[in-house]
Amino acid sequence: MNILITGAKGQLGSELIDILAAGKSDLGEIPLQYQGCDITAVDIDTADIADYSVVEKLMLKVKPDIVFNCAAMTNVDGCETDYEAALKGNAVGPRNLAVVADRIGAKLVHISTDYVFPGDGDKPYMEWDRCDPQTVYGKSKLLGEKYVAQFCRRYFIVRTAWLYGKTGKNFVRTMLSLGEKLSEVKVVNDQVGNPTNANDLAHQILKLSLSEEYGVYHCSGSGQCSWCELAAAVMSEAKLSCQVVACTSEEYPSKTPRPKFSALDNLTLNLVTGQSTRPWREALNSYILDIKGEK
């Protein structure tokens, strides 16, 4: 099997590479079909997917059976000021991958986000719920979804949320760093979602991509919490004495409004893969043990 991973240096891309090399994740062994697979891993420094000619040349050379598109412009504030970069990274790139994937008969697994929803709900979003993004990031990601569905027949669109992994920056790593330096941190308590360990997401999409059950899926950590609750859990699991003080979004304003409620429901994914993601607290504990080298 030939596999192409874009955004390979990011949280999910690097996790996919590690799991494929090990043949297993924290959730268990991955399907035997991946054993001995050939992996081509690229990032923007080696292959800019917003350039159609680059994508065409790469995919015709690799001839992937499955493409995992983990590439995106995820800087929410940056998207608000740089429309072109957001459009290229989150919509044009996925469109290019979709066009060539369909041409060569490859499956395309495209990673999307909870930001495609309005973020004002009171129960976890299902795949069929109305999309109404409120930010340039969310709008560009939704356009990417539409392009993937329009131009590729064998696609999986997988929305995730509050992702953290072993590579790069994320909220959990930030809290760990602050917790080691400060006695107190303020974190908003009025934004709710699903913390997602990249290891769980990688495992699930590796299983999903071997099926023929194409369509839109949600894959996030099981259960929901606020950013404040997540921060407190990080301090507790890491045995840090730093106190987490709750505040409102109004007390801690950001350049771009964040969703107040964007939790996702994974029912469709669970029905297809037969396996759920871990409870978010359990997955968090595993992650902290991993990066502290205690495992």
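The values are calculated or read from the model by the stated rules, or taken from the named source; none is laboratory data. These figures come from a predicted structure and were not determined experimentally. Neighbour counts are summed over all protein chains in view; Cβ atoms, including those assigned to glycine, are modelled from backbone coordinates with ideal geometry. With ligands, DNA and RNA removed, areas are computed over all heavy atoms of the protein, side chains included. Shrake-Rupley method; radii C 1.70, N 1.55, O 1.52, S 1.80 Å.
Filtering segment 190-247 to residues that are assigned to a helix (DSSP H, G or I), of a type in the set (S, T, N, Q) and buried (at least 24 other Cβ atoms within 10 Å of the Cβ) leaves 199, 204.
Being at positive phi and either within 20 Å of the chain's Cα centre (by Cα) or open to solvent by 20 Å² or more (accessible area, probe 1.4 Å) (or both) holds for only one residue in 165, 121, 138, 105, and it is 105. Selection of segment 91-102 for residues being within 14 Å of residue 146 (Cα to Cα) and open to solvent by 10 Å² or more (accessible area, probe 1.4 Å) yields 92, 95, 99.
Taken as a whole, segment 198-208 holds at least one residue that is farther than 16 Å from residue 170 by Cβ, more than 14 Å from the chain's Cα centre (by Cα), modelled with pLDDT of 95 or more and not hydroxyl-bearing (Ser, Thr, Tyr).
Inside segment 248-264, can you point out the residues that are open to solvent by less than 70 Å² (accessible area, probe 1.4 Å) and touching a strand residue (DSSP E or B) at 6+ places or on another chain (Cβ under 6 Å)?
Taking segment 248-264 first, the residues open to solvent by less than 70 Å² (accessible area, probe 1.4 Å) are 248-249, 254, 256, 259, 261-264.
Passing the criteria: 249, 261, 262, 263, 264.
Within segment 264-282, can you find the residues that are assigned to a helix (DSSP H, G or I) and under 15 Å from the mean Cα position of the chain (by Cα)?
Filtering segment 264-282 down to residues assigned to a helix (DSSP H, G or I) leaves 267-273, 280-282.
Selection gives 269, 280.
For residue 185, the conditions (1) outside any strand (DSSP E or B); (2) of a type outside the set (Lys, Arg); (3) surrounded by fewer than 22 Cβ atoms within 10 Å (Cβ to Cβ) all hold with the exception of (1). Inclusion of residue 47 among residues that are open to solvent by 30 Å² or more (accessible area, probe 1.4 Å) and not in a helix (DSSP H, G or I) is not warranted.
Could you tell me whether residue 39 is free of Cβ contacts under 8 Å to residues at least 60 places away in the same chain, among the β-branched types (Val, Ile, Thr) and open to solvent by 50 Å² or more (accessible area, probe 1.4 Å)?
Values: free of Cβ contacts under 8 Å to residues at least 60 places away in the same chain: yes; among the β-branched types (Val, Ile, Thr): yes; open to solvent by 50 Å² or more (accessible area, probe 1.4 Å): yes.
So residue 39 fits the description; yes.
Just name the residue that is most open to solvent (accessible area, probe 1.4 Å) out of those in segment 50-73 that are small (Gly, Ala, Ser) and within 22 Å of the chain's Cα centre (by Cα). Spell out the reasoning first.
Within segment 50-73, the first condition is being small (Gly, Ala, Ser), and the residues that meet it are 50, 53, 71-72.
Within this subset, residues satisfying the condition of being within 22 Å of the chain's Cα centre (by Cα) are 50, 71-72.
On the way: 50: 27, 71: 22, 72: 46 Å².
The extreme case among them is 72.
Among the listed residues 14, 112, 25, identify the single one that is among the hydroxyl-bearing types (Ser, Thr, Tyr) and either open to solvent by 60 Å² or more (accessible area, probe 1.4 Å) or out of contact with any helix residue (DSSP H, G or I) (no Cβ under 7 Å at 6 or more places or on another chain) (or both).
It is 14.
With respect to the conditions (1) closer than 26 Å to residue 287 by Cβ; (2) out of contact with any Gly (no Cβ under 6 Å at 6 or more places or on another chain); (3) open to solvent by 30 Å² or more (accessible area, probe 1.4 Å); (4) of a type in the set (A, V, I, L, M, F, W, C), residue 76 lacks only one, and its number is (3).
Test residue 174 against the criterion of being open to solvent by 10 Å² or more (accessible area, probe 1.4 Å), of a type outside the set (Asp, Glu), farther than 14 Å from residue 27 by Cα and part of a helix (DSSP H, G or I), and give yes or no. Answer is yes for this residue.
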